[in-house]
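*Asks:* Sharing a structure here in structure tokens format.
The values are calculated or read from the model by the stated rules, or taken from the named source; none is laboratory data. Owing to the predicted nature of the structure, the values given are computational and were not obtained by experimental measurement. All Cβ positions, even for glycine, are placed from backbone atoms using ideal geometry, and neighbour counts span all protein chains on display. Areas reflect the complete protein model, heavy atoms only, side chains present, ligands, DNA and RNA absent. Shrake-Rupley method; radii C 1.70, N 1.55, O 1.52, S 1.80 Å.
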Amino acid sequence: MKLQQLRYICEVANQGLNVSAASLRLHTSQSGVSKQILALEAELGIGIFVRNGKHISGMTPAGKAIIEQAMIVLQQSENLMKLAADFSDERAGSLAIATTHTQSRYVLPPIVRRFIDAYPNVSLQLHQGTPYQIAEIAAKGTADFAIATEAMELFSDLMMMPCYRWNRAVLVPKDHVLATQASVTLEELAHYPLVTYVPGFTGRARLDDAFEKLGLHPKVVFTAADADVIKTYVRLGLGVGIVAHMAYDADKDSDLVAIDASHLFEDSITRIGFRKGSLLRAYMLDFIHMFADHLDRDTVEKVLACQSQSEVDALFADVVLPSR
């Protein structure tokens with residue numbers, strides 16, 4: 001039995017039983033993947049996949065159990081490599097982060113700059129995507145960390161730690177009727193066309209919930225995943241923008257007026273997480289601490305000892321999170 005064979009069966013499972021897609025991800029031939037899977041099944045004396053002719057159509061009950069254990073073995077193998085790397089050179093390696101545009105554009109730049117200054121020999125990779133994509137990338141081990149706000153139910157394979165609270169701002173051009181107001185109400189906003197995030201992004205659920213509780217039906221005329229795109233269409237007069245407050249820059253967005261909306265919507269919480277059972281190298285622990293001051297090494301080590309997300313949540317039950 002070889003680790004390579006375990007990688008092959010896990011990748012086939014991850015790619016929805018598509019051997020061709022798995023071979024592309026593994027940078028090898030389709031025939032090579034099939035041959036190694038058959039060899040592993042022969043060695044184990046049991047079928048892992050159900051076949052319809054030459055095509056894989058499902059997993060056997062034993063195959064599901066084998067793949068589950070194979071994923072654990074591969075993660076432990078990865079942990080051994082990280083452990084060895086720490087002993088050989090604790091300041092060199094790689095760090096992959098999966099997150100949204102808002103985090104990568106407005107929150108991470110100063111943290112990444114600080115991290116690179118401290119660890120110039122660590123290669124940093126940033127993967128942007130939807131909450132679903134972020135959860136999938138991190139769960140598969142393509143990314144070491146996931147940073148997200150929305151759809152926490154997607155991150156069931158990860159241990160997610162709360163980092164900070166944030167809320168929203170209403171953006172309008174300087175000549176807009178709302179521009180002279182110090183505050184606005186949801187009832188007022190419901191009278192204007194709105195430009196905001198697509199569902200499932202950057203706390204959009206909190207926005208929808210607030211209007212729904214008052215029985216209001218706002219007219220959302222344009223949505224985007226990117227706050228810069230939203231601001232562009234606010235400038236064009238398409239509607240009133242609602243974005244994360246951190247996405248407003250008083251200097252770069254001086255042509256727009258930002259009205260605080262934190263009294264209108266519940267705070268959203270951004271979290272950072274990793275796969276259960278991960279081994280975090282020293283520089284990874286430092287990155288977490290740079291991202292959230294209260295997540296020091298002792299605290300993260302307590303999270304690493306947790307067996308479930310509910311244990312992690314209990315650990316932070318009394319922590320007062322900072323606001324951005």
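*Asks:* List the number of the failed condition for Ala179; all other conditions in (1) in contact with a Pro (Cβ under 8 Å, 6 or more places away or on another chain); (2) assigned to a strand (DSSP E or B) hold.
*Replies:* Failing condition for Ala179: (2).
*Asks:* Going through the stretch 260-314 one residue at a time, which ones are more than 18 Å from the chain's Cα centre (by Cα), at pLDDT below 95, part of a helix (DSSP H, G or I) and among the polar types (S, T, N, Q)?
*Replies:* Hit for the stretch 260-314 is Ser310, nothing else.
*Asks:* Are there any pairs with C-beta distances below 7 angstrom linking a residue in the stretch 259-280 that is under 21 Å from Ala84 (Cβ atoms) to a residue that is assigned to a loop (DSSP other than H, G, I, E, B), with the two at least 6 apart or on different chains, and if so which?
*Replies:* Between residues of the stretch 259-280 that are under 21 Å from Ala84 (Cβ atoms) and residues that are assigned to a loop (DSSP other than H, G, I, E, B), the close pairs are Phe274/Asp144; Phe274/Leu280; Arg275/Gly141; Arg275/Asp157.
*Asks:* Out of Ala151, Ala182, Ala205, I need the residue that is under 24 Å from Ala250 (Cα atoms) and not β-branched (Val, Ile, Thr). Which one?
*Replies:* Being under 24 Å from Ala250 (Cα atoms) and not β-branched (Val, Ile, Thr) holds for just one of Ala151, Ala182, Ala205, which is Ala182.
*Asks:* Residues that are assigned to a helix (DSSP H, G or I), open to solvent by less than 60 Å² (accessible area, probe 1.4 Å) and without any contact (Cβ under 8 Å) to a residue 40 or more places away in the chain: does the stretch 193-213 have at least one?
*Replies:* Yes.
Here is a yes/no grid of residues against (1) part of a helix (DSSP H, G or I); (2) free of Cβ contacts under 8 Å to residues at least 40 places away in the same chain; (3) over 26 Å from Asp313 (Cβ atoms):
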site: Ile97; (1), (2), (3): no, no, no
site: Arg114; (1), (2), (3): yes, no, yes
site: Ser123; (1), (2), (3): no, yes, yes
site: Gly141; (1), (2), (3): no, no, no
site: Glu153; (1), (2), (3): yes, yes, no
site: Met161; (1), (2), (3): no, no, no
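*Asks:* The conditions are (1) loosely packed, with under 15 Cβ neighbours inside 10 Å; (2) in contact with a strand residue (DSSP E or B) (Cβ under 9 Å, 6 or more places away or on another chain), and Thr185 fails exactly one of them. Which is it?
*Replies:* Of (1) loosely packed, with under 15 Cβ neighbours inside 10 Å; (2) in contact with a strand residue (DSSP E or B) (Cβ under 9 Å, 6 or more places away or on another chain), only one is false for Thr185: (2).
*Asks:* Within the stretch 240-264, work out how many residues are over 28 Å from Met290 (Cβ atoms), open to solvent by 10 Å² or more (accessible area, probe 1.4 Å) and not hydroxyl-bearing (Ser, Thr, Tyr).
*Replies:* 4
*Asks:* So which helices (runs of 4 or more DSSP H) stay within the stretch 1-59 end to end and still have 1 or more residues that are among the small types (Gly, Ala, Ser) and open to solvent by 60 Å² or more (accessible area, probe 1.4 Å)?
*Replies:* In the stretch 1-59, the matching helices (runs of 4 or more DSSP H) lie at 30-44.
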